[in-house]
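Some notes on the structure that comes next.
The values are calculated or read from the model by the stated rules, or taken from the named source; none is laboratory data. As the structure is a prediction and not an experimental result, all values here were calculated from the model. Backbone-built Cβ (ideal geometry, glycine too); neighbour counts: all protein chains shown. Surface areas here come from the heavy atoms of the whole protein model, side chains and all, with no ligands, DNA or RNA. Shrake-Rupley method; radii C 1.70, N 1.55, O 1.52, S 1.80 Å.
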Amino acid sequence: MIGTGKIKQYANVLDKPLGKGKQEVSLSAFAFLFSELVQYNQTQVDNISELETRLEDAGYAVGARVLELLCHRDKGNRRETRLLGILSFVHSTVWKVLFGKVADSLEKGTEHEDEYMISEKELLVNRFISIPKDMGTFHCGAFVAGIVKGVLENAGFPAVVTAHFVPVEGQQRPRTTILIKFAEEVLRREARLG
Amino acid sequence: MDTNDSLRVASLWYSMHAISQQLSPTNGCSGIELLEVDTFDLHCFQSLTGTKFFVVCETGTQHMEALLKVIYELYMDYVLKNPFYEMEMPIRCELFDINLTTAIQKDRVALLGR
């Protein structure tokens, strides 16, 4: 037959090269799915902090898998051992793959040595969500905080990650900050590595 | 107009819309699209699911159909994708209100030049 390319048939599905996958997913589809995730968890919990914990756990699973995938696909199986390395990996590569753009900014906390912040004007997951007044400090970005936590912990940098709204003058909507607080052992190891 | 009044108007309009569908002399009528009165106009848009959007405006205002379609899109985005919105309840979504006012302001500037 003319024009038929030779497609290599792989005997074992594990030998097939890992494709890039679909680069674009419908935003509306994701928004509906995420909204349903939040609603489902709302029926199962009694208070807001439990809801945040559940969203974080859901994100944790995503983060663990994203780390494995990206290490294999984009970084050629190299492992980050330095703090700044893993942070910039999260800030650029992970954000680019998940949200289509790098995060707005990565800052080091001024008060404590072990705090770092990734800021974003508006998280993609929060784009269509308006939090009712009576939910107070609840942040659907807990899902994204969970993703970051999953990536960091599985890379060997245990941390506590939370999402916060930070009001900005001149803007109606507050910006979102993901606060990363690394565990003691990470800082000690970092100091040892010099 | 407070919430109770809005609910009253909405239920009144819903019934009128349904009755008009039955009363219409032509077949396949889908309800009232435009209500013209001395002092105001009322444009109505019905989505495929039967949700109705209506806007009350001054007599002779143009492009209300387009505005209603824009409002329908805003509804879909900021209300239906909001996990904290319960169906059939009055809409209390901040993002929806903000974008709605912006859309109306833009419209007003385009139409009246101010």
### Query
Which of the residues spanning the range A:149-176 are assigned to a strand (DSSP E or B) and either over 25 Å from A:Arg54 (Cβ atoms) or of a type in the set (Lys, Arg) (or both)?
A:Arg175
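Residues are listed down the side, and each one gets a yes or a no for (1) surrounded by 13 or more Cβ atoms within 10 Å (Cβ to Cβ); (2) under 27 Å from A:Ala191 (Cα atoms); (3) modelled with pLDDT of 85 or more:
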residue: A:Arg65; (1), (2), (3): yes, no, yes
residue: A:Ser88; (1), (2), (3): yes, yes, yes
residue: A:Val94; (1), (2), (3): yes, yes, yes
residue: A:Thr110; (1), (2), (3): no, yes, no
### Query
Within the range A:35-48, is even one residue out of contact with any Pro (no Cβ under 8 Å at 6 or more places or on another chain), away from chain B (no Cβ under 14 Å) and not hydrophobic (A, V, I, L, M, F, W, C)?
yes
### Query
On the given criteria, is B:Thr51 surrounded by 10 or more Cβ atoms within 10 Å (Cβ to Cβ), away from chain A (no Cβ under 12 Å) and β-branched (Val, Ile, Thr)?
yes
### Task
Answer yes if at least one residue in the range B:75-96 is outside any helix (DSSP H, G or I), open to solvent by 60 Å² or more (accessible area, probe 1.4 Å), over 28 Å from A:Pro174 (Cβ atoms) and in contact (Cβ under 8 Å) with a residue 24 or more places away in the chain, and no otherwise.
no
### Message
Can you report the number of residues in the range B:30-48 which are modelled with pLDDT under 85 and open to solvent by 30 Å² or more (accessible area, probe 1.4 Å)?
### Response
1
### Message
Report every pair of residues separated by at least 6 positions or lying on different chains whose Cβ atoms are under 7 Å apart, first residue within the range A:161-190 and within 14 Å of chain B (Cβ to nearest Cβ), second among the β-branched types (Val, Ile, Thr) and open to solvent by less than 80 Å² (accessible area, probe 1.4 Å).
### Response
A:Phe165/A:Thr176; A:Gln172/B:Ile98; A:Pro174/A:Val166; A:Pro174/A:Val168
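For (1) free of Cβ contacts under 8 Å to residues at least 24 places away in the same chain; (2) away from chain B (no Cβ under 14 Å); (3) open to solvent by less than 40 Å² (accessible area, probe 1.4 Å), each residue gets a yes or a no:
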| position | (1), (2), (3) |
| --- | --- |
| A:Val102 | yes, yes, no |
| A:Leu106 | yes, yes, no |
| A:Ser119 | no, yes, yes |
| A:Leu124 | no, no, no |
| A:Arg127 | no, no, no |
| A:Ile131 | yes, no, yes |
| A:Gly136 | no, no, no |
| A:Cys140 | no, no, yes |
